[in-house]
1. Can you give me the number of residues within region 23-39 that are in contact (Cβ under 8 Å) with a residue 60 or more places away in the chain and touching a Leu at 6+ places or on another chain (Cβ under 9 Å)?
2. Could you grab the pairs with beta carbons closer than 6 Å, sequence gap of 6+ or different chains, first residue in region 167-178 and within 17 Å of Val30 (Cβ to Cβ), second one of a type in the set (Gly, Ala, Ser)?
3. Go through Thr180, Thr108, Thr124, Thr160 for me and flag whichever is surrounded by fewer than 21 Cβ atoms within 10 Å (Cβ to Cβ) and touching a Leu at 6+ places or on another chain (Cβ under 6 Å).
4. How many of the residues in region 214-259 are of a type in the set (Lys, Arg) and assigned to a helix (DSSP H, G or I)?
5. Which residue out of Asp264, Asp243, Asp297, Asp273 is touching a residue at least 12 places away in the same chain (Cβ under 8 Å), open to solvent by 50 Å² or more (accessible area, probe 1.4 Å) and either under 30 Å from Val54 (Cα atoms) or charged (D, E, K, R) (or both)?
6. Is there a residue in region 17-26 that is over 14 Å from the mean Cα position of the chain (by Cα) and open to solvent by less than 10 Å² (accessible area, probe 1.4 Å)?
7. Right, Pro340: open to solvent by 90 Å² or more (accessible area, probe 1.4 Å), at negative phi and either under 21 Å from the mean Cα position of the chain (by Cα) or of a type outside the set (Asp, Glu) (or both) or not?
8. Has region 346-367 got at least one residue that is aliphatic (A, V, I, L, M), open to solvent by less than 90 Å² (accessible area, probe 1.4 Å) and at pLDDT below 90?
Amino acid sequence: MTAASAFSGIRVIDLSHGLASPSASRVLAVLGAEVIKIEMTGDGEFTRGIVPYVFRSHNRGKRSFAVDLKNPEGAELVRRLAAKADVFVHGQRPGFVEKVGLDRETLTALNPKLIYAFVCGFGTTGPWAQRRAIDMLIQAESGLAAAQSGLLGNLSFVDTAAGLALSNGILAALLERAATGRVQHVEVSLLDTATYLQAAPLAEFSATQVSIDQDSYWDRYATVGLFDAADGPVYVAGYWYKDWTAICNIIRRPELITDPRYVDPKSRGARADDVRAIVNDGFRDRSRDSLLAALEDNGVMAGAVRTYQEVLDSPQVKANRGFVADTDERGGTTLFARPPYRLVPDLHPETQGPPDPGDASVELLREIGGVPVDEISRLVDAGVVSGKQE
């Protein structure tokens, strides 16, 4: 039996979609909170069909309440759920929650103890407050795309970081409420998240007017980066003088240690292309494993550039218990990454997958109170909510 959690009895109403805010509420679900996902009637949230692994990764352990928010009756049902909740989470486009009567002012008037938390694109004030945003748009607007010399697609790292920030903010607000009775609300913007990810480079630029230049970085550190072993690339963090000595010995070129062309970082940087060619030539006849072992034995930090299959097969990833496995209706197994923290001991391990659309709709209508059986049937028949009736 799973042990009781400090979050047992905490109810979260989760009007979110996509990745950022659902990933925040998933963390709360893992910690033991009851998370009720509000989604559209019928097929449910759009990510179920368009990017199903996004949905399945970030909606585990939740209950689903499928409701038509365009119908005033549906919005009222969500208000009734929020009236008895601890946290309301959303990541909707600007103006939507106000349109359907699920804004902070409305819900906190019904429930003054409610913590209202959301992710938005650019913030709630300022000239861009009404703009919609996605991860790569924010990469562009925040300077990340310029610093990276391009966009990073598919990984949604800004969204993911925003979700972690939102969950942290919610946890802080719950602690504040428990300790003092004061209620704080939580706002996270993708723009603020992206600038925080660049905190040191932006601080340096503000003081020096010098921007990140990736090309000059590789010139400055000629023995840092990707190099070719016989069976695939490796990353080498050869930042220090001792690392150059070690690399020269590993590639059996000890004479280069004192060669005036390469004797110090400045000299090596001036001939960065030559240095990389020399190192690559010395590495290419070694397997990744033997090369990494030699580098580690000589105190040089290094790692393999691994494929996803190698990551999933990694004994270290397995030792970290980094994934939880789900079996689908066809008998296939899918691995889902766990949140990156570990509580020791783990008193309430994650076992529940994502919900089916509306799997808890009828049950939640009964829990609201004051909704008779024939009214529940009418709401389902009218399409205000969708879900299985017993």
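The values are calculated or read from the model by the stated rules, or taken from the named source; none is laboratory data. Keep in mind that what you see is a predicted model, and the values were worked out from it rather than measured. Cβ sites come from the backbone with ideal geometry, for glycine too, and all protein chains shown count toward neighbours. When the accessible area is computed, the model is the full protein with side chains, heavy atoms only, and any ligands, DNA or RNA have been set aside. Shrake-Rupley method; radii C 1.70, N 1.55, O 1.52, S 1.80 Å.
1. 10
2. Here the result reads Ser167/Ala24; Ile170/Ala117, each pair linking region 167-178 to a residue that is of a type in the set (Gly, Ala, Ser).
3. Numbers: Thr180 fails: touching a Leu at 6+ places or on another chain (Cβ under 6 Å); Thr124 fails: touching a Leu at 6+ places or on another chain (Cβ under 6 Å); Thr160 fails: touching a Leu at 6+ places or on another chain (Cβ under 6 Å).
Matching residue, one of Thr180, Thr108, Thr124, Thr160: Thr108.
4. The first filter runs over region 214-259 and keeps only residues of a type in the set (Lys, Arg), leaving 220, 242, 252-253.
With the extra rule that they be assigned to a helix (DSSP H, G or I), the set shrinks to 220, 242.
Total satisfying the criteria: 2.
5. Numbers: Asp243 fails: open to solvent by 50 Å² or more (accessible area, probe 1.4 Å); Asp297 fails: touching a residue at least 12 places away in the same chain (Cβ under 8 Å); Asp273 fails: touching a residue at least 12 places away in the same chain (Cβ under 8 Å).
Within the list Asp264, Asp243, Asp297, Asp273, the selection yields Asp264.
6. So in region 17-26, the residues over 14 Å from the mean Cα position of the chain (by Cα) come out as none.
Within region 17-26, not a single residue is over 14 Å from the mean Cα position of the chain (by Cα) and open to solvent by less than 10 Å² (accessible area, probe 1.4 Å).
7. Values: open to solvent by 90 Å² or more (accessible area, probe 1.4 Å): yes; at negative phi: yes; either under 21 Å from the mean Cα position of the chain (by Cα) or of a type outside the set (Asp, Glu) (or both): yes.
Judged against the criteria, Pro340 is a match.
8. Going through region 346-367, the residues aliphatic (A, V, I, L, M) turn out to be 347, 360, 362, 364-365.
Checking which are open to solvent by less than 90 Å² (accessible area, probe 1.4 Å) leaves us with 360, 362, 364-365.
Now drop any that are not at pLDDT below 90, which leaves none.
No, region 346-367 contains no residue that is aliphatic (A, V, I, L, M), open to solvent by less than 90 Å² (accessible area, probe 1.4 Å) and at pLDDT below 90.
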